[in-house]
Amino acid sequence: MKAIVYTKYGPPDVIELKEIEKPTPKDDEVLVKVHAASVNAYDWHLLTADSFLVRLMGGGLLKPKNTKLGADIAGRVEAVGGNARQFQPGDEVFGDIAESGNGSFAEFVCARENLLALKPVNLSFEEAAAVPMAAVTALQGLRDQGQIQPGQKVLINGASGGVGTFAVQIAKSFGAEVTAVCSTGKMDMVRSLGADHAIDYTKQDFTQTGLQYDLILAVNGYHPLSAYKRALSPTGIYVMAGGSFAQIFQAMLLGPLMSQTGGRKMGGLSARPNQKDLVIMRELLEAGKVVPVIDRCYPLSEAADALRYLGEGHARGKVIITVK
Ligand SMILES: NC(=O)c1ccc[n+]([C@@H]2O[C@H](COP(=O)([O-])OP(=O)(O)OC[C@H]3O[C@@H](n4cnc5c(N)ncnc54)[C@H](OP(=O)(O)O)[C@@H]3O)[C@@H](O)[C@H]2O)c1
């Protein structure tokens, strides 16, 4: 089968489309024929090792230990392992297989069945592949860490990318009043996704307006933590999902300290893929409350271009790799 492999860290040029052996599912796994995958910042970090943490936290100090790439997947079950009971050959599934070793940028991949769920019936494979990592991150950031409540004022910074486009819609589905922060050309899009207010970050700094929010989900960009704190209501919650490395380190290191005084809570999110949240997303998608936003689709042979485009940091929703 054909698969994307990389044997050294670097820019997207280092990846290769190779003929490799088709995998065989372990007992708790299923073999999936991949129809579509989506690209995440996660893949970019693994490829480029742009943070030393990738190398330190098991990615491989000098070169990648795991040569496979791709976490998000949508496809059809081809075979099931000895103890896999949830799916049958022919089932259409989607999921985030990062915890099962990656490898969705390929014609076939094996994944633990508890990381997959049946694909939403109303979605194409491309649309379904857009969902898992970005939507579950948005869901867990808003619901679990952000404790979102109906009627709350919620601000999403970085609202126009993969996580952000889902976050706007998921926050609306919880009944929140949503403010989306993005650049000029994406204001109409975030409004069309349901945002009540849109702020153009190239023209206005939302941390300087004097307005306060019950929940801020920081997905992209950078503001000092003290500025985020200023933009929170007295019992508000700041959840850092992503952004610049400075943002990530500040939230992880200083967030707990800054939460010790006053009622405001500040912290970072570490999303965990799971089947229960995929099923919740499937319900929202089938009900039409959430719609994946797809920017571009690339064939598997152009996966390097897909990664390059994502790496520029200005995708409008999700970037897809179509395999079949
Ligand atoms: N914590 C976790 O568990 C977790 C899980 C998944 C992802 N993440 C992280 O979440 C982050 C976002 O992921 P993603 O999939 O949404 O990435 P993405 O799709 O690449 O995000 C691109 C978007 O970021 C926006 N953006 C760029 N600079 C901005 C700025 N200064 N202010 C506001 N928006 C800005 C761009 O909008 P414009 O073009 O309008 O600038 C673009 O729409 C990444 O850092 C990723 O590593 C974390």
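Worth pointing out:
- Selection from the stretch 239-256 of residues that are open to solvent by less than 70 Å² (accessible area, probe 1.4 Å), more than 8 Å from the ligand (Cβ to nearest atom) and in a helix (DSSP H, G or I): 246, 247, 250, 251, 255
- For the stretch 223-236, a residue qualifies if it is within 15 Å of the ligand (Cβ to nearest atom) and either under 18 Å from the mean Cα position of the chain (by Cα) or surrounded by 15 or more Cβ atoms within 10 Å (Cβ to Cβ) (or both), and the qualifying residues are 223, 228, 231.
- Residue within the stretch 84-106 that is under 23 Å from residue 315 (Cβ atoms) and open to solvent by 20 Å² or more (accessible area, probe 1.4 Å) present: yes
- Selected residue (criterion: most open to solvent (accessible area, probe 1.4 Å)) from residues of the stretch 107-139 that are among the β-branched types (Val, Ile, Thr) and more than 16 Å from the ligand (Cβ to nearest atom): 121
- Restricted to the stretch 38-83, and to residues there that are within 14 Å of the ligand (Cβ to nearest atom) and acidic (Asp, Glu), the residue that is surrounded by the fewest Cβ atoms within 10 Å (Cβ to Cβ) is 50.
- Within this structure, residue 125 passes the test of being under 15 Å from residue 323 (Cβ atoms), under 18 Å from the mean Cα position of the chain (by Cα) and of a type in the set (A, V, I, L, M, F, W, C).
- Among the residues making up the stretch 140-193, those that are within 13 Å of the ligand (Cβ to nearest atom) and assigned to a loop (DSSP other than H, G, I, E, B) are 146, 158, 159, 160, 161, 183, 193.
- In the set (1) open to solvent by 30 Å² or more (accessible area, probe 1.4 Å); (2) without any contact (Cβ under 8 Å) to a residue 60 or more places away in the chain; (3) assigned to a strand (DSSP E or B), the condition left unmet by residue 297 is number (2).
- Meets criteria (surrounded by fewer than 18 Cβ atoms within 10 Å (Cβ to Cβ), over 21 Å from residue 195 (Cβ atoms) and under 18 Å from the mean Cα position of the chain (by Cα)) for residue 276: yes
- Inter-residue pairs, beta-carbon under 7 Å, first within 18 Å of residue 43 (Cα to Cα) and modelled with pLDDT of 95 or more and in the stretch 121-135, second hydrophobic (A, V, I, L, M, F, W, C) and open to solvent by 10 Å² or more (accessible area, probe 1.4 Å), 6+ apart: 126/294; 126/297; 130/294; 134/163
- Boolean, residue 102 is within 16 Å of the ligand (Cβ to nearest atom) and not basic (Lys, Arg): yes
The values are calculated or read from the model by the stated rules, or taken from the named source; none is laboratory data. Here the structure is a predicted model, which is why all the values come from computation and not from measurement. Counting neighbours? That spans all protein chains shown, and the Cβs are built from the backbone with ideal geometry, glycine included. Each accessible area value is taken on the protein alone, full model and side chains, heavy atoms only, with ligands, DNA and RNA left out. Shrake-Rupley method; radii C 1.70, N 1.55, O 1.52, S 1.80 Å.
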